[in-house]
């Protein structure tokens, strides 16, 4: 360690990634971290829990909080997701507000801005998916429009998918971190246990392979996570909970083809995550109307702080 780095104070803090559903929060987190921390899918409301990505450098540690997409929730389950996202705003040192271009969530973006007016932390506007903008000059009027709506600390155009603008954004974020301790060991990239990450990867494959309501009616519980070091193997058994018999039939598929494909794709990603061979057993169970049942919501981890 050089003399100059010894004298430099260590900085740390929490950074919230907030925005409407499907604006690229999870993709941005994964890009910042350089690995998959949060699952992604081309469908809105994929993220359900607050996912932490922990970026540690010699002189700082930034703890990124990937939150569920903020939307006008009507049912109890989605209200929990929105409350999870909004409650984060008062607990962090920096807020990154993501919106996508072309704009598709103007009413939600206005709703989020109203909530941002109530906090004291600096807010960075992240204009994401600029690679989809057919006419780049259209970006400047949009940035000016939002600059007049809210006193953002900075406005940064990005393409989280392609990595454009991510380093510039990271520079703005790290510059705002206060002096503080290292909250997590330097080799931690997330606070989530491997069981949780495995369950999320299974759920991600369901979002990619199935359509309409089925992915949203799914919850995953990991019933067994058994390490066998002598065989370089982890034995995982997980249950996919759905709300109706018809959803169970779709998940299993004709002659079990769909559940086999889900298992095959999830197992591959879990093996990359864990760095060893994985045996993955999947079971499908009907837990009727679990999204409306407080007991089921608590069992599946969505009411743990309530």
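In the stretch 185-197, the qualifying residues are those that are assigned to a helix (DSSP H, G or I) and within 14 Å of the chain's Cα centre (by Cα), and the one that is surrounded by the fewest Cβ atoms within 10 Å (Cβ to Cβ) is 196.
Every listed requirement among (1) farther than 26 Å from residue 129 by Cβ; (2) buried (at least 19 other Cβ atoms within 10 Å of the Cβ); (3) out of contact with any helix residue (DSSP H, G or I) (no Cβ under 8 Å at 6 or more places or on another chain) is met by residue 173 save one, (1).
Residues are listed down the side, and each one gets a yes or a no for (1) buried (at least 18 other Cβ atoms within 10 Å of the Cβ); (2) closer than 19 Å to residue 38 by Cα; (3) in contact with a helix residue (DSSP H, G or I) (Cβ under 7 Å, 6 or more places away or on another chain):
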| position | (1), (2), (3) |
| --- | --- |
| 234 | yes, no, yes |
| 242 | yes, no, yes |
| 257 | no, no, no |
| 260 | no, no, no |
| 267 | yes, yes, no |
| 273 | no, yes, yes |
| 278 | yes, no, yes |
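The set of residues in the stretch 281-303 being crowded, with 16+ Cβ neighbours inside 10 Å, touching a residue at least 24 places away in the same chain (Cβ under 8 Å) and in a loop (DSSP other than H, G, I, E, B) consists of 287, 300, 302.
Within the stretch 61-102, track down each residue that is surrounded by 15 or more Cβ atoms within 10 Å (Cβ to Cβ) and assigned to a loop (DSSP other than H, G, I, E, B). Passing the criteria: 67, 68, 69, 70, 71, 73, 92, 93, 101.
Read-outs: derived from the displayed coordinates by stated rules, not from any lab. It should be emphasised that the depicted structure is a prediction, and the values quoted were computed from it without experimental measurement. Here Cβ is always computed from backbone atoms with ideal geometry, including for glycine, and neighbour counts include all displayed protein chains.
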